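Chemist: Got a structure for you, questions after.
Bear in mind these aren't lab numbers, they're just calculated from the coordinates by the rules spelled out. Computed from a predicted structure; not experimentally measured. Virtual Cβ from ideal backbone geometry, glycine too; neighbours counted across all protein chains shown.
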Amino acid sequence: MKLQFLGTGGGRFATISQKRMTGGFRIDEIDGKNIHVDPGPGALVRSHQFGLNPRKINMLLVSHCHTDHYNDAEVLIEAMTQGMTKRTGHVIASDSVINGAGELGPSISKYHQSKPEISVLKPGDVIKEKNISIRGTKTNHGDPTCVGFNINYKGFNINYTADTEYFPELAEEHAGADILIGCVIKEGERRIKGHLRTLDFEELVNEVQPQIAIMTHLGVNLIMNNPFKNTRLITKNTGVRTIAATDGLTMNLDQFM
Ligand SMILES: [Zn+2]
Ligand SMILES: [Zn+2]
């Protein structure tokens with residue numbers, strides 16, 4: 001099983017400037033399947049750039065209806081369905097992405113929803129496909145339907161916070177995570193509504209105690225300062241190996257199973 005980051009930037013300004021790429025990440029060879037999570041702008045191009053075939057995606061997970069998370073969803077659905085010629089693949093996404101919520105979305109057209117299997121995922125919902133189960137986790141974010149993911153394969157847990165601010169039950173949502181991937185937008189004391197700071201991530205990592213914690217979705221201020229300085233500190237303070245993902249970073253997950 002392999003985890004690869006096709007982007008590690010997040011938020012409006014990191015996305016617009018492409019200080020870091022914004023293609024989301026892939027989990028490959030999990031129960032024979034490939035999963036693309038949060039295909040932001042560039043997901044298609046970065047797939048090819050890093051040698052991944054977008055036609056080999058089996059599941060597309062989209063946490064919410066902000067462009068840095070959904071932008072390339074439709075074109076990846078075209079890839080997944082072999083140019084919309086086959087009924088194949090499974091899209092699992094927030095209500096806003098599939099149906100729209102207030103001013104947001106829907107971000108996948110009816111046409112693109114016509115070939116793959118479509119599931120709306122809400123926090124607490126569990127969707128099973130053979131040996132993989134995907135559970136929605138709670139968030140507190142600008143898109144009220146935003147959902148994080150717990151991807152469980154035979155008891156091995158990959159958790160993704162999606163965009164959320166810190167709240168006390170967040171650790172419960174991600175309890176048991178082996179790999180904890182957090183969307184962390186900034187460092188420093190000042191809070192930012194709807195997002196995690198490095199301080200919040202430290203708290204979460206400390207409570208969850210995963211085998212490894214990975215920061216992604218880094219905002220401009222964090223990118224321009226030193227994300228690695230932050231992860232060194234989190235590692236020291238929590239005892240959990242914590243890294244800041246870089247564009248293209250590939251990890252063999254078998255070592256953690
Ligand atoms: Zn975001
Ligand atoms: Zn967002």
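Chemist: Considering the zone a paramagnetic label at GLN211 would reach in this model (a point 7 Å from Cα along the Cα-to-Cβ line), which residues of segment 117-136 have amide N under 18 Å from it?
Modeler: Zone members listed by number: 132-133.
Chemist: A further question follows. Across the Cα atoms of segment 39-117, what radius of gyration and what greatest pairwise Cα-Cα distance (Dmax) are found, in Å?
Modeler: 11.8, 38
Chemist: What is the spin-label model distance, in nm, from GLN255 to GLN49 if the labels are put 7 Å beyond Cα along the C-beta direction?
Modeler: 2.5 nm
Chemist: Order by neighbour count: PHE25, PHE228, PHE50, fewest other Cβ atoms within 10 Å first, most last.
Modeler: Working: PHE25 25, PHE228 12, PHE50 17.
Lowest count first: PHE228, PHE50, PHE25.
Chemist: Loop-only check: which GluC sites (Glu not before Pro) in segment 104-202 are DSSP coil with at most 11 other Cβ within 10 angstrom?
Modeler: In loop regions of segment 104-202 (DSSP not H, G, I, E or B), the sparsely surrounded GluC sites (Glu not before Pro) are GLU169, GLU189.
Chemist: Using 0.36 nm times the number of residues separating THR88 and PHE228, minus their current alpha carbon distance, what extension gain do you get?
Modeler: Details: separation 140, 0.36 × 140 = 50.40 nm, distance 4.00 nm.
Stretched fully, the THR88-PHE228 segment lengthens by 46.4 nm.
Chemist: Using the Karplus curve 6.51 cos²θ - 1.76 cosθ + 1.60 with θ = phi - 60°, what ³J(HN,Hα) values do you get for each residue of segment 33-39, in whole Hz, with x for Gly and Pro?
Modeler: 10, 10, 10, 9, 10, 6, x
Chemist: Related question: Add +1 for every Lys or Arg and -1 for every Asp or Glu among the other residues with Cβ under 15 Å from the Cβ of GLN211, and state the total.
Modeler: Local net charge: -2.
Chemist: OK, next. Counting other beta carbons within 10 Å of each residue's own, what order do MET1, MET257, MET84 fall into, fewest first?
Modeler: The most exposed by this proxy come first: MET257, MET84, MET1.
Chemist: Do any trypsin sites (Lys or Arg not before Pro) in segment 44-133 lie in a DSSP loop with no more than 10 other beta carbon atoms within 10 Å, and if so, which? List each step's numbers first, then the result.
Modeler: Working: sites: ARG46, ARG55, LYS56, LYS86, ARG87, LYS110, LYS128, LYS130; in loops: LYS86, ARG87, LYS110, LYS130.
Listed in order of number, the matching sites are ARG87, LYS110, LYS130.
Chemist: Something else about it: Based on DSSP, what percent of beta bridges with both residues in segment 2-256 are antiparallel, to the nearest 5? Don't jump to the answer; show the numbers that get you there.
Modeler: Values: 28 of 55 bridges.
For segment 2-256, the DSSP antiparallel bridge percentage is about 50.
Chemist: Moving to a separate point now. Run lengths n ≥ 4 of DSSP H only: what is the helix-derived mean residue ellipticity at 222 nm for the chain, with -39500 (n - 2.57) per run over all residues, to the nearest 500?
Modeler: On the way: 9 runs with 61 residues, N = 257.
That calculation yields -6000 deg cm²/dmol at 222 nm.
Chemist: Also, quick follow-up: Once phi is turned into θ = phi - 60°, what whole-Hz ³J(HN,Hα) does the Karplus curve with 6.51, -1.76 and 1.60 give for every residue of segment 137-145, x standing for Gly and Pro?
Modeler: Once θ is set to phi - 60°, the couplings for segment 137-145 become 10, 5, 9, 9, 8, x, 7, x, 9 Hz.
Chemist: Once both axes come from the Cα atoms, what is the angle between helix 198-208 and the longest principal axis of the chain, in degrees from 0 to 90, rounded to 10?
Modeler: With both axes taken from Cα atoms, the answer is about 80 degrees.
Chemist: So, counting K/R as plus one and D/E as minus one, what does the shell of residues with Cβ under 14 Å around LYS154 add up to?
Modeler: Every neighbour counted, the sum reads -2.
Chemist: While we're looking at this one, here's another question. Any idea what angle helix 227-238 forms with the longest principal axis of the chain, computed on alpha-carbon atoms, 0 to 90 degrees, nearest 10?
Modeler: Between the helix axis and the principal axis of the chain, the angle is about 70 degrees.
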